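*Asks:* Quick one: the structure is below, and I'll ask about it shortly.
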Amino acid sequence: MDRSFLSDQAVVIASRQFVCARLATYEDSEESKLLKALVPTRSGELENSVFAILAPDGVTRLVRPGRSMRMGYRDAQAFAKALDGIAAKYPGKPGETAKALPLAASVPVALTVAAADSLPLVILPKDADKAMLDGLIKLAWSPELVGRLQYARAGDTKDLKGLKALPAEAGNDILVVTPDDFAQGGEVTATLKAGQPDSWDGILRTVVTRHTVQVKSMRNHLPEGKRKGVFYEPANPVTDPQEIQARERNRPAKP
């Protein structure tokens, strides 16, 4: 994430007028095709980052797509101003609210994103029903919690492997996890009881208030990961030439 732009408060406020989609470059074949079509590259392949703003039809390009917002805007203030200008042309419908939970593709992907962004991870049970989803949707987009949690739905019990303090009888409860530094697992720090939705808001607010944000630097994080033998393999092959080279430099030696 480009912290100099996307963490700027003016950009955060302006972005609330948009549907923001963060695609996991190499985790979904269809998403990869879209990203590759948006930005032609020197290599002719999908490279690691793509930035675009599309009209509500999901097709019309409102700005020239590029590798990042830095290619079109001199700083965060200019970007926020541009967002406000675009949003004014597409005001949306009065009273329109979010109707979906921003779920990651899987628990492993969500754990990786949450660890990278230093966010708590909310894991729904595999059999989460409509009432549970509706309750979380309302909370996820509330002013106090929006953007402060990552979400995923468990596929099976192996998705919970590596979690510490896992309740013996989690059943259909929702787990709130603090990921470890390299997304190899995490600690269950709170549980949202399936039959007690009125308590969820208070629990989640407490979680985000107490959560300590860790700022990682590539200079320290990559060597430490290599030393510990941690190496992330996405679902699809990496096609960015520079990223391939960087990955090979940081690949742990085989035992």
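*Asks:* Nearest 5 percent is fine: what portion of the DSSP beta bridges confined to the chain is antiparallel?
*Replies:* Roughly 60 percent of the DSSP beta bridges within the chain come out antiparallel.
*Asks:* Moving on to the next point. Give the shape of region 108-255 as rounded, prolate or oblate, defined through the alpha-carbon gyration tensor: a ≥ b ≥ c are the square roots of its eigenvalues, a/c under 1.5 means rounded, and otherwise the shape is prolate if a/b is larger than b/c and oblate if not.
*Replies:* Note, shape of region 108-255 comes out prolate.
*Asks:* Over region 36-170, calculate the relative contact order: mean separation of alpha carbon pairs under 8 Å at least 6 apart, over the residue count, as a percent.
*Replies:* Relative contact order for region 36-170 comes out at 19 percent.
*Asks:* Right, something else. According to a simple spin-label model (label point 7 Å from Cα along Cα-to-Cβ), what is the distance in nm between T157 and K130?
*Replies:* A separation of 3.1 nm, rounded to one decimal place.
*Asks:* Fully extended, how many nm does the chain gain between Q242 and K226 (0.36 nm per residue separation, minus their Cα-Cα distance)?
*Replies:* Fully extending the segment from Q242 to K226 adds 3.9 nm.
*Asks:* Between A165 and C20, 0.36 nm times their residue separation minus their Cα-Cα distance comes to what?
*Replies:* 48.9 nm is the gain from fully extending A165 to C20.
*Asks:* Tell me, what is the percent relative contact order of region 131-250, built from C-alpha pairs under 8 Å that lie six or more residues apart?
*Replies:* 18
*Asks:* Which order results if E169, E47 are arranged by neighbouring Cβ count within 10 Å, fewest first?
*Replies:* Going from sparsest to densest Cβ surroundings: E169, E47.
*Asks:* A follow-up question, please. Choose one answer from G225, G202, G135: the residue with the largest mean-square fluctuation in a GNM of the chain with alpha-carbon springs under 10 Å.
*Replies:* Taking springs between Cα atoms under 10 Å, the residue moving most is G202.
*Asks:* On to the next question. So if I take the centroid of the Cα atoms in region 77-156 and the same for region 199-255, what is the distance between those two points in Å?
*Replies:* Using only Cα atoms to place each centre, the spacing works out to 21 Å.
*Asks:* Please identify, among I123, I86, I13, the residue showing maximal mean-square fluctuation in a Gaussian network model of the chain using a 10 angstrom Cα cutoff.
*Replies:* Of the options given, I13 has the highest mean-square fluctuation.
*Asks:* Something else: Which percent, nearest 5, of DSSP beta bridges in region 107-210 are antiparallel?
*Replies:* 60
*Asks:* Classify the chain as rounded, prolate or oblate, taking a ≥ b ≥ c as the square roots of the eigenvalues of its Cα gyration tensor: rounded when a/c is under 1.5, otherwise prolate if a/b is larger than b/c and oblate if not.
*Replies:* Judged from the Cα gyration tensor, the chain comes out oblate (a/c at least 1.5, b/c at or above a/b).
*Asks:* Further, regarding this structure: With a/c under 1.5 counting as rounded, go ahead and sort region 68-181 into rounded, prolate or oblate using the C-alpha gyration tensor (a ≥ b ≥ c being the square roots of the eigenvalues; past the cut-off, prolate if a/b is larger than b/c, else oblate).
*Replies:* Oblate shape, in that a/c is at least 1.5 and b/c is the bigger or equal ratio.
*Asks:* Tally Lys/Arg at +1 and Asp/Glu at -1 over every other residue whose Cβ is under 10 Å from the Cβ of N48; what's the total?
*Replies:* Charge balance near N48 sits at -2.
*Asks:* How far apart, in nm, are two points set 7 Å out from the Cα along the Cα-to-Cβ line at E30 and at A55?
*Replies:* Each label point is offset 7 Å from its Cα along the Cβ direction, giving 2.3 nm.
*Asks:* While we're here: So for the chain, averaging the separation of alpha carbon pairs under 8 Å that are six or more residues apart and normalising by length, what relative contact order in percent results?
*Replies:* Over the chain, the number comes to 18 percent.
*Asks:* Pairs K93/K193; K33/K89; K138/K161; K164/K228: which exceed 31 Å Cα-Cα?
*Replies:* The pairs that break the limit, which is 31 Å between Cα atoms, are K93/K193.
*Asks:* Calculate, in nm to one decimal, what K89 and S7 gain on full extension: separation in residues at 0.36 nm each, minus their alpha carbon distance.
*Replies:* Between K89 and S7, full extension yields an extra 27.1 nm.
Since every read-out is calculated from the coordinates, none of them should be taken as a lab result. Model, not experiment: these values are computed from the prediction. Because the Cβ atoms are built from the backbone with ideal geometry, glycine has one as well, and the counts that use them run over all protein chains shown.
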